[in-house]
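Working notes for the structure below.
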Amino acid sequence: MSTPIETGETTGTAGSERTTREIRRSSNSFLGDVWVNFKRWNIKAVRNPFVLVTSLIQPIIFLILFTQVFGAVATNAINAGGGGSITYETFLVPAIAIQVALASAVTSGIGLVNDIEEDVFEKILVMPMNRAAVFAGKSAAEILRIVVQIAIILGLGVLLGAEIATGLAGAIGIMAIGLLFSVWFLAYSNILAVLTKDQESTIIGANILQFPLLFLSSAFLPLSSLPNWIQIVAVFNPVTYGVDAARALVLGRDVMTVLDITAFSGIWNTLVPAIAILAVLDIVLGGVAVFLLTRATSSDAK
Amino acid sequence: MSRRTNGHHPEESPDGEEANAVDGAGGTTGNRGKALSIETDGLQLIYSDGTEAVRDVSLSVPEGEFFGFLGANGAGKTTAIKVLATLLKPTNGEAFINGFDAESEPREIRESIGYMAQEIGIDEELTARENLQFACAAYGVPRGERSERIEELLALVDLAEVADQRSESFSGGMQKRLDAATALVHRPPLVFLDEPTTGLDPKARNRLWEYFREINEEGTTIFLTTQYLEEADQLCERISVLLDGEIVATGSPTELKRRVGGEILDIDIEAGAETEEGDGKDPRERAAAVASDSELFESEAMIETTEEGISVTSQRARSRGTDLLVALRDAGLTVTGFNVRAPTLDDVFLAITDGEEREPNKESDPDEEEADEARVATDGGESR
């Protein structure tokens, strides 16, 4: 890694000397800056496993309680259309995988608020790092944690009797969908953090959406068995697309009901539109988060 | 990329011989021929609520100088340093830091400065070493140099023995020292220190002072803000006094002290000392009247009452002090103690912030400065 050195120019005046000291230029690239921040946030995650565990507890409780309490009733609703005999465990696991992504992404902004409150944010703003890379590195560390959590949920689901029709490739695909799904909510949580600079507001602002998003989607029951107004709301709910994509990989077939796409074959009629919608959402909200961070100054920090 | 050097510095004299760097408020330096680490012109910052935190700040800080911004809380020191460190965009004016334009080259500036905020900015979940590793990576210090640099800095700030402990277990002084070290990893030619010793005990403060002196002796330019007069006096070659966001005086500590107008004679008068000559007046007021009427100090003296007695600021404080003591005794007043001392920066600071001495933020030459000093001395402190 080379480090360019820039020196000042000699002044043209009598008696003056070349006195400007050497200024070492940073050799960092965008990816280098991403890596620096990725590493830092991973160290912090390992030092503070509380966040990893707490954001996993609730989805696990949901997985166990929902399958035990609603299992029998829900199984009838799932199979009402005569589409075979899917267990509620199999139906629910993709929803819980997305719930994990949502619950973990909620905490993302809290880390940023901590940085702001502890004056680390200002220190980072004065460092010669690309601010989009600062956000990307932090998000990458959090997404890694989410992927690990989804893997844990899938393993637990299989232990409880869920079946992933697409096998290991499908499981990896579900993790990829979880990754794609989490970006927009991570961005949303960080947007709240930059705008409010307050832990409570960030937590409340993100949490308040978590359960409406989950329940007003295809997560826990087929949309056809839900009231009409929920079916309408579900069309505009990103959770529907995340869950449908993950569920398509679990069941190995097209499950999307909110959009009637037939341009592709089988499972891709669900995956392609879901991935496209989530990607657009990620780009839009990620862009807003990066914009806010890029224009952040210390007056924003306080 | 443009880099500005003193080749076109406005203080250059027309005949080609370079003048000493002269700051915007008239202070002079001995940094003849040096390039400028900081050069600002008419810097102004207005917050969105309309508060004008920095107004018309023009200053020049040559390379290698230990420069101080002295001011009370709310004077605009921190806002000014944040503008210079690219954390805030100025509303008006321009700033060149290490030759780079703050408006168009913020990244270049960030690469070439160290910044230590008033509040400690370390990650407490990381160890001291990890904090330094993060800073090295963030500043792009070449990998091959990082280990050596980190060990060097840990030794410099006396944290080598606790390098692998989480910094949340550190005392405030240790955290400050670590914070300072993270600002130095890339050997910046210019370091901004915003009230670096606020809240530290005297021992920790003295240790930080030693580190700052050490890096300054190695050639690093240091821009310090402080509300501690002693700190500015001890460390800074040159000081600008900031009042309501505006530079009201600049000079070396000695120059500023000289502006107070000579030495200070403090005389303690026995309270309630009455003689047959007394007319019921406060003995301190009578003493001040005696000093004033004695014509010992002519018109340039500043005579004030203090809690203990009176204070006379005059070029003749030492030579005429004994005569004044005799005059006070003859007036029936009892002197319980006296002391002749050089003015401290406290005297300068108080004089300025009380509106006793005020000058516009403009360039001035030494002759004008002398004239200003005389005017301050004779008119007792007209607001300028």
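Only one residue in B:T225, B:T197 is in a strand (DSSP E or B), closer than 30 Å to B:D56 by Cβ and touching a Lys or Arg at 6+ places or on another chain (Cβ under 8 Å). Which one? The unique qualifying residue is B:T225.
One residue stands out among those in the range B:120-134 that are in contact with a Leu (Cβ under 9 Å, 6 or more places away or on another chain) and over 21 Å from A:V113 (Cβ atoms): the one that is nearest to the other protein chains (Cβ to nearest Cβ), which is B:Q133.
For beta carbons closer than 6 Å, sequence separation of 6+ or different chains, a first residue in the range B:104-119 that is of a type in the set (A, V, I, L, M) and a second that is crowded, with 20+ Cβ neighbours inside 10 Å and not in a strand (DSSP E or B), the qualifying pairs are B:I109/B:T86; B:I113/B:P188; B:M116/B:D179; B:M116/B:A180; B:M116/B:A183; B:M116/B:P196; B:A117/A:E122.
The single condition among (1) more than 30 Å from B:K89 (Cα to Cα); (2) at pLDDT 90 or above that A:F121 does not meet is (1).
Total residues in the range A:120-154 satisfying the condition of being more than 8 Å from chain B (Cβ to nearest Cβ), in contact with a helix residue (DSSP H, G or I) (Cβ under 7 Å, 6 or more places away or on another chain) and β-branched (V, I, T): the figure is 7. Just one of the numbered conditions (1) touching a helix residue (DSSP H, G or I) at 6+ places or on another chain (Cβ under 9 Å); (2) surrounded by 22 or more Cβ atoms within 10 Å (Cβ to Cβ); (3) polar (S, T, N, Q) is not true of B:N216: (2). Within the range B:81-111, the residues that satisfy the criterion of being away from every other protein chain (no Cβ under 11 Å) and either over 18 Å from A:M127 (Cα atoms) or of a type in the set (F, W, Y) (or both) are B:P90, B:T91, B:N92, B:G93, B:E94, B:A95, B:F96. Considered as a group, the residues in the range B:141-192 that are farther than 12 Å from B:R129 by Cβ and among the small types (G, A, S) include one that is surrounded by the fewest Cβ atoms within 10 Å (Cβ to Cβ), and that residue is B:G144. Check the range B:345-357 and report whether any residue there is of a type in the set (D, E, K, R), outside any strand (DSSP E or B) and modelled with pLDDT under 50. Yes, some residue in the range B:345-357 is of a type in the set (D, E, K, R), outside any strand (DSSP E or B) and modelled with pLDDT under 50. Counted as qualifying within the range A:180-292 are the helices (runs of 4 or more DSSP H) with 1 or more residues that are under 22 Å from A:T87 (Cβ atoms) and open to solvent by 60 Å² or more (accessible area, probe 1.4 Å), namely A:199-215.
Counted as qualifying within the range A:37-118 are the helices (runs of 4 or more DSSP H) with 2 or more residues that are open to solvent by less than 50 Å² (accessible area, probe 1.4 Å) and within 14 Å of chain B (Cβ to nearest Cβ), namely A:108-117.
Could you grab me the full set of residues in the range B:203-216 that are farther than 20 Å from B:A117 by Cβ and modelled with pLDDT of 85 or more? Matches in the range B:203-216: B:N206, B:E210, B:R213, B:E214. Number of residues in the range B:135-173 that are more than 10 Å from every other protein chain (Cβ to nearest Cβ) and among the aromatic types (F, W, Y): the value is 1.
The values are calculated or read from the model by the stated rules, or taken from the named source; none is laboratory data. Computed from a prediction, not measured in an experiment: that's the story for all the values here. For neighbour counting, all protein chains shown are included, and Cβ atoms are generated from backbone atoms with ideal geometry for every residue, glycine included. Surface accessibility is based on the protein's heavy atoms, side chains included, excluding ligands, DNA and RNA. Shrake-Rupley method; radii C 1.70, N 1.55, O 1.52, S 1.80 Å.
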